[in-house]
1. List the relative contact order of the chain as a percent without decimals, with contacts defined as Cα pairs under 8 Å and 6+ residues apart.
2. Quick one: order 51, 98 from most to least accessible surface, probe 1.4 Å.
3. List the aspartates and glutamates whose Cα sits under 17 Å from the Cα of residue 64, skipping any in the same chain fewer than 8 residues away.
4. At 1.4 Å probe size, with every protein chain present, just tell me what the per residue accessible area of the range 10-115 comes to in Å².
5. Can you give me the distance in nm between label points at residue 101 and residue 25, each placed 7 Å from the Cα along the Cα-to-Cβ direction?
6. Ignoring ligands, DNA and RNA, what percent of the 1.4 Å accessible area of the chain is carbon and sulfur?
7. Calculate the FRET efficiency for residue 114 and residue 57 from the Cβ-Cβ distance with a Förster distance of 22 Å, rounded to the nearest 0.05.
8. Which distance in nm do the two modelled labels at residue 83 and residue 70 give, with both placed 7 Å along the Cα-to-Cβ direction?
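The values are calculated or read from the model by the stated rules, or taken from the named source; none is laboratory data. Here the structure is a predicted model, which is why all the values come from computation and not from measurement. We place every Cβ from the backbone using ideal geometry, glycine too, and count neighbours over all the protein chains shown. Accessible surface is based on the protein model in full, side chains and every heavy atom, while ligands, DNA and RNA are left aside. Shrake-Rupley method; radii C 1.70, N 1.55, O 1.52, S 1.80 Å.
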Amino acid sequence: QVQLVESGGGLVQAGGSLRLSCAASGIAFSLYNMVWYRQAPGKRRELVASISSGGDTNYADSAKGRFTISRDNAKKSVYLQMNSLKPEDTADYLCEAIFINHDYWGQGTQVTVSS
């Protein structure tokens, strides 16, 4: 059974930091491209950052310079280090694992940034 479990969300003041984790099980994790998305109430789901199986990274403009995505294949986990958080970063953050025609999602972790 495939599972992606996000953790690390919470309430933080503007300017603070959080580190999100997404732990995978049931997949050959090292083969998968991993993506962090976020979705705020009433808004479309937005790609935040991605990391390929080879370690190449990509960021949304809103995340560049503040967020860092990384992965640990031995722990089957992907991380999102978020610094200098802003109220507009408030959203549910979800991770996705993609490999060819295999596509799996976690349930999400809530991030709330207070002003």
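1. 36 percent
2. Values: 51 10, 98 55 Å².
Output order, biggest surface exposure first: 98, 51.
3. 46, 56, 88, 89
4. Here the per-residue accessible area is 52 Å².
5. 2.8 nm
6. Numbers: 2830 of 6080 Å².
Summing carbon and sulfur atoms, their accessible area is 47 percent of the total for the chain.
7. Efficiency computed from Cβ-Cβ geometry: 0.20.
8. Computed distance between label sites residue 83 and residue 70 equals 1.1 nm.
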